[in-house]
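Written below as structure tokens is the structure these notes are about.
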Amino acid sequence: MTSPLLVLDTPTLYYRAFHALPDTLRSPQGRPVNAAKGLLDVLCQLVDQWGSRRLVAVMDADWRPDFRTALLPSYKAHRITDDARGTETPPDLEAQLPLIFDALSALSIPIAEVPGTEADDVIASIVAQCLDEDIVIVSSDRDLLSLLQPQRRVRVHRPRTGGRWETTGAAELPALFQVGTGAEYRALAALRGDPSDGIPGAPGIGDKTAARLIAGWGGLEEVLAAAARGEKDHGLSPKRREALVEHADAIRAGHAVMEGLLDLEVAEFVAGAGTAPDRDRALRLGAEQGLERSIARALAALTGETVQVRSAPPAAAAAPAPVPAPKAGAPGWAQRFVAFDLETTGVDPHSARIVSASLVPFEGGAERPSRNWLVDPGVEIPEAAQRVHGISTERVRAEGTPAAEAVPQLLAAVRSLRESGTPLVGHNIVYDLTVLAAEAARIGVLPSPAAFLDLLPPVLDTLVLDKQADRFRRGPRTLEALCGHYGISLVDAHDAYADARAAGLLALGLAAASAELAGTSAEDLHARQIEWKRTQAAGLQEWLRRKRPDAVVSGGWPLEHDR
């Protein structure tokens, strides 16, 4: 049987790599190469996973085509970060695009782009025209689920958190979204909307309600017609009818912009999949750009032949090496701890509500299975918060555990760590603990937020510890920035599991880099951090008051002072 055709939605892959890998990955000339390296590494992973060397790298010739913005002016409009250039591409990523094109060309992977169209259109045309192909679409874009059809060998392979992947075919749609075909999924998406693409949908209608309406009435136009007639069945409440009637034109426009073009000339791209790489050209490019190892792995994956790397990249261009974990059996808190993170509805820890949570154990320097919660906070999740963590109100209402159940579970998990003497680790964990304490008091599990202090195990805050260990290092100390400094890959920042895991790896890095931190007990570090945080906050407040005389920085730790 012919190996599957791997159709890559390349922009989603290099964007993901750009944000996941540190910008300290540089060529010998000092140019960023993190997106290029990440993309090459994913190609190797895909070839190995699917046993196929037949790849097509689809590109956006125009990421906001005129024919789509004419239908829906809001389409992707909020993504524009540079009005003058009309682009969403960060400069450091844009500078890597020629390198990415050169690397794909040297590896003889066809670059499929058609003027005036998006990658989605090229992918849709390949699916429509290659009826006998076993096709795997590799993309993080859920809209491509609309291309799934019964009796077709087409799947969508989507990257998820923690290095995992999710593969969906038409057979999985009913269980995942309660729809039977890709066309029905497109109708569902039009009703639900998609803020990430500027597709409005109808207020108050999420995945489950949209699926129920489509199943009951048969299709998008039938749903809109039933709402216009004042029907009551299949979930058409008065409020939903009003929303559907009011937003019918916008829903139709959203449905139209999600339709991919099917008649683009794509046969040449498909025919070129599986062509032998230009080995010498690829190796020269790798040497020039400090990507020898990634290029060598890609050549080995695409040819089956081992490629020797003659020399390592110059030291000035190399990425920071990941700091080794403490040796097994060595004493110290780094041998056993649990990392923690929350995603919430806002930035004020006293009023924010929990939306997701993760506890990630580490033992002997190795990650263990995590515990994760999706939480229904009982309130609307603001759009600004949804843009950060990607979790919608509709999703938590459909899939989440009510806060009244989830918060006691989290408290019980924290209490068990205290009983076992296991440290709790997080980055700027004072925020997360303050949110959890406030939530526990709000729902009546604790008499006050301050009562949470009696449940806490030793707490280690990687932000406070890094500032203390390396006080004079310049630059930001966000989780992403510190992961870059310590050579830690952070995929899906602002996902609770991904951020907790990264904080755990960062704690290991700090322990390996600082003998003083590693050799101090967790209990003593907890006590010292109270004063360290107070001193750090006072210094930051003094600096801020040079421009803002009323600036206040809380020095409370491990809980922020209540207002």
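The values are calculated or read from the model by the stated rules, or taken from the named source; none is laboratory data. Every value quoted in this text rests on a predicted model; they were computed, and no experiment measured them. Positions of Cβ are backbone-derived with ideal geometry, glycine not excepted, and every protein chain shown enters the neighbour counts.
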Lone qualifier among P458, P476 - being of a type outside the set (S, T, Y), at pLDDT 95 or above and not assigned by TED's automatic domain parsing to the domain that holds G38: P458
Boolean, E94 is at pLDDT below 95, over 21 Å from D41 (Cα atoms) and in the same structural domain as W50 (by TED's automatic domain parsing): no
Which of the residues that make up the stretch 521-540 are in contact (Cβ under 8 Å) with a residue 24 or more places away in the chain and either within 27 Å of T12 (Cα to Cα) or among the hydroxyl-bearing types (S, T, Y) (or both)? S521
Filter result (modelled with pLDDT under 90 and buried (at least 21 other Cβ atoms within 10 Å of the Cβ)) within the stretch 207-235: D207
When you scan the stretch 87-176 for strands (runs of 3 or more DSSP E) that lie fully inside it, which ones turn up with 1 or more residues that are buried (at least 23 other Cβ atoms within 10 Å of the Cβ) and within 22 Å of the chain's Cα centre (by Cα)? 135-138, 154-159
Residue list for the stretch 177-191, restricted to those being without any contact (Cβ under 8 Å) to a residue 60 or more places away in the chain, part of a helix (DSSP H, G or I) and not hydrophobic (A, V, I, L, M, F, W, C): G182, E184, Y185
What are the residues in the stretch 345-376 that are in contact (Cβ under 8 Å) with a residue 12 or more places away in the chain, assigned to a loop (DSSP other than H, G, I, E, B) and closer than 20 Å to G504 by Cβ, if any? G364, G365, S370
For the structure I just gave you, tell me whether H526 is of a type outside the set (D, E), under 33 Å from the mean Cα position of the chain (by Cα) and on the phi > 0 side of the Ramachandran plot. no
Filter result for the condition that a residue is farther than 28 Å from R418 by Cα, in a helix (DSSP H, G or I) and not β-branched (V, I, T), over W532, W543: W543
Of all helices (runs of 4 or more DSSP H) completely enclosed by the stretch 5-78, which ones contain at least 1 residues that are free of Cβ contacts under 8 Å to residues at least 24 places away in the same chain? 34-50, 66-71
When you go through (1) farther than 30 Å from T393 by Cβ; (2) out of contact with any Pro (no Cβ under 7 Å at 6 or more places or on another chain); (3) without any contact (Cβ under 8 Å) to a residue 60 or more places away in the chain one by one for L291, which number turns out not to apply? (3)
Looking at the stretch 315-342, which of its residues are modelled with pLDDT of 90 or more and touching a Phe, Trp or Tyr at 6+ places or on another chain (Cβ under 9 Å)? A334, Q335, R336, F337, V338, A339, D341, L342
Taking the criterion of being more than 24 Å from A128 (Cα to Cα), modelled with pLDDT of 90 or more, of a type outside the set (D, E) and outside the structural domain of L71 (by TED's automatic domain parsing), would at least one residue in the stretch 182-191 satisfy it? yes
In the stretch 54-73, anything modelled with pLDDT under 95 and not acidic (D, E) is listed as M59, A61, W63, R64, P65, F67, R68, T69, A70, L71, L72, P73
Looking at A312, A298, A282, which is the one that is modelled with pLDDT under 90 and either in a helix (DSSP H, G or I) or of a type in the set (G, A, S) (or both)? A312
Considering only residues that are assigned to a helix (DSSP H, G or I) and either within 17 Å of I109 (Cβ to Cβ) or modelled with pLDDT of 90 or more (or both), which ones fall in the stretch 285-295? L285, G286, A287, E288, Q289, E292, S294, I295
